[in-house]
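Trainee: Dropping a structure here in C-alpha cells format, bear with me for questions.
The values are calculated or read from the model by the stated rules, or taken from the named source; none is laboratory data. Remember, predicted model here, so these are calculated numbers, not experimental data. Every residue, glycine among them, receives a Cβ derived from its backbone with ideal geometry; neighbour counts consider all protein chains shown.
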Amino acid sequence: MEIWGGNESVDKTVTVPGIDAWVYSRPYAGQERGGDIHFVSMCGAGAISRFSVADVSGHGNMVGEVANHLRALMRKHINNLDQTSFVQALNREFSALAADGTFATALLTTYFAPSDHLITCNAGHPTPLLYRARQGQWYFLKHDMPDHVDHLANLPLGVIDPTPYYQFAIALERGDLVLMYTDSLVEAKDPDGRLLGEEQLLQIIERLDTQSPETFCPRLLKALEAYRGGHPSDDDITLLLLHHNADNPPQQSFGEKMKVIGKMLGLIKI
C-alpha cells in the first residue's frame with residue numbers, strides 16, 4: 001500500500017501498474033505550501049490506483065490540515081474499488097469547510113488495472129481532458145461523453161452508486177492521456193486581462209505534441225506563460241498527467257489474492 005502527495009511544491013514522476021503519472025505543483029509566489037492538494041495511492045496488489053487533485057481556498061496550516069484529512073481518507077479507502085464511500089466522506093469534509101467559509105473542489109479518479117477502466121468523480125473542479133491516442137484527439141472528460149458507462153458488468157456491485165457527485169467510467173486504451181489540473185490554468189490572464197477559459201486551454205493543448213508525455217507538462221506551462229505575456233501565475237498551479245501504458249499488475253500467489261479480496265470487501269482491516 002502506498003500513498004504519496006500533499007500541498008507542497010513538487011515535480012515528480014510516479015508509476016503504478018498501467019499508468020505513468022507526472023505530477024507538477026507550484027504554490028503561489030514561491031511559498032513552501034499552497035492551496036492545491038495532490039495525492040496518488042495504490043493498493044498492495046497494484047490493481048487499484050487512485051489519483052486526486054483538490055483546490056482549497058486559502059494557504060498555510062489550514063490547507064495542510066485538509067491535506068492530512070484527505071490522506072487519511074485515501075488510506076481508509078485505498079483498497080476499495082467503489083469510491084462512493086470515499087466521495088461521501090469527502091463531501092462531509094467539504095461541507096464542514098464551507099461552514100467555516102472555506103471553499104474547496106476536488107477531482108477523483110480511480111484506475112482499475114485488470115479492466116483498464118478509469119472511474120471519474122468531479123466535485124466542482126475544472127473539467128479534466130482526455131486524449132484518445134487512436135483518434136489523435138483531445139476531449140473534455142465528462143459524464144456525457146459518447147463512450148462513458150454508468151455501470152460496469154465486470155466490476156463489483158455498487159462501483160457507480162449514486163453520490164452527491166456524478167461518477168462515470170471510461171475504458172482507456174494504450175497511449176491515452178488524462179490531464180487533471182487546478183483552476184489557475186483556465187483562469188490565466190493575458191496582458192489585457194482576458195481569462196483563458198476551458199475552450200482556449202483546449203486549443204493550446206491541441207497544439208502540443210503528445211508523443212513525449214514526459215515533456216508535456218513543461219511544454220504546457222511554457223505555453224501558458226506565453227499567454228500571460230511572460231508574467232508569473234497569480235495562483236497555485238497543479239498538473240497531474242496520466243499516461244496509460246496498459247501494463248498489468250504483477251502476478252500474485254493465491255494467498256496474496258485472497259488477502260487483497262478480503263481488504264476490498266472490508267473483511268481485513270488495513
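Trainee: Which residues, counting only those in the stretch 57-87, are at pLDDT below 75 and either polar (S, T, N, Q) or touching a Pro at 6+ places or on another chain (Cβ under 8 Å) (or both)?
Mentor: Correct list: HIS59, ASN61, ASN68, ASN79, ASN80, LEU81, ASP82, GLN83, THR84, SER85, VAL87.
Trainee: Could you grab me the full set of residues in the stretch 1-50 that are crowded, with 21+ Cβ neighbours inside 10 Å and polar (S, T, N, Q)?
Mentor: ASN7, SER25, SER41, SER49
Trainee: A follow-up question, please. For the stretch 152-160, check the following and say yes or no: at least one residue is modelled with pLDDT of 95 or more and either in a strand (DSSP E or B) or on the phi > 0 side of the Ramachandran plot (or both). Even if it seems obvious, please write down each step before you answer.
Mentor: The initial filter retains those residues of the stretch 152-160 that are modelled with pLDDT of 95 or more, namely none.
No, because not a single residue in the stretch 152-160 is modelled with pLDDT of 95 or more and either in a strand (DSSP E or B) or on the phi > 0 side of the Ramachandran plot (or both).
Trainee: Inspect all residues belonging to the stretch 183-192 and state whether any of them is free of Cβ contacts under 8 Å to residues at least 60 places away in the same chain and among the β-branched types (Val, Ile, Thr).
Mentor: There is no residue in the stretch 183-192 that is free of Cβ contacts under 8 Å to residues at least 60 places away in the same chain and among the β-branched types (Val, Ile, Thr).
Trainee: So GLU214 ticks every box in (1) surrounded by fewer than 16 Cβ atoms within 10 Å (Cβ to Cβ); (2) modelled with pLDDT of 95 or more; (3) part of a loop (DSSP other than H, G, I, E, B); (4) under 18 Å from the mean Cα position of the chain (by Cα) but one. Which box is left unticked?
Mentor: Of the numbered conditions (1) surrounded by fewer than 16 Cβ atoms within 10 Å (Cβ to Cβ); (2) modelled with pLDDT of 95 or more; (3) part of a loop (DSSP other than H, G, I, E, B); (4) under 18 Å from the mean Cα position of the chain (by Cα), the odd one out for GLU214 is (3).
Trainee: Inside the stretch 114-131, can you point out the residues that are assigned to a strand (DSSP E or B), closer than 22 Å to ASN248 by Cβ and among the polar types (S, T, N, Q)?
Mentor: THR120 - this is the single residue of the stretch 114-131 that is assigned to a strand (DSSP E or B), closer than 22 Å to ASN248 by Cβ and among the polar types (S, T, N, Q).
Trainee: Within the stretch 1-15, how many residues turn out to be under 15 Å from the mean Cα position of the chain (by Cα) and more than 19 Å from TYR181 (Cβ to Cβ)?
Mentor: Final tally of qualifying residues: 2.
Trainee: Count, please, the residues in the stretch 16-38 that happen to be of a type outside the set (A, V, I, L, M) and under 14 Å from the mean Cα position of the chain (by Cα). Reasoning before the result, please.
Mentor: Here is the first cut: in the stretch 16-38, the residues of a type outside the set (A, V, I, L, M) are 17-18, 20, 22, 24-28, 30-36, 38.
Going one step further and asking which of them are under 14 Å from the mean Cα position of the chain (by Cα), we end up with 20, 22, 24-25, 36, 38.
Looking only at that region, the number is 6.
Trainee: Considering each residue of the stretch 219-237, count those that are assigned to a helix (DSSP H, G or I) and closer than 18 Å to ASP36 by Cβ, and give that number. If you could, list the steps in order and put the result at the bottom.
Mentor: In the first step, residues of the stretch 219-237 are kept if they are assigned to a helix (DSSP H, G or I); the result is 219-227.
Checking the rest, the ones that are also closer than 18 Å to ASP36 by Cβ come to 220-221, 224-225.
Residues in the stretch 219-237 being assigned to a helix (DSSP H, G or I) and closer than 18 Å to ASP36 by Cβ: 4 in total.
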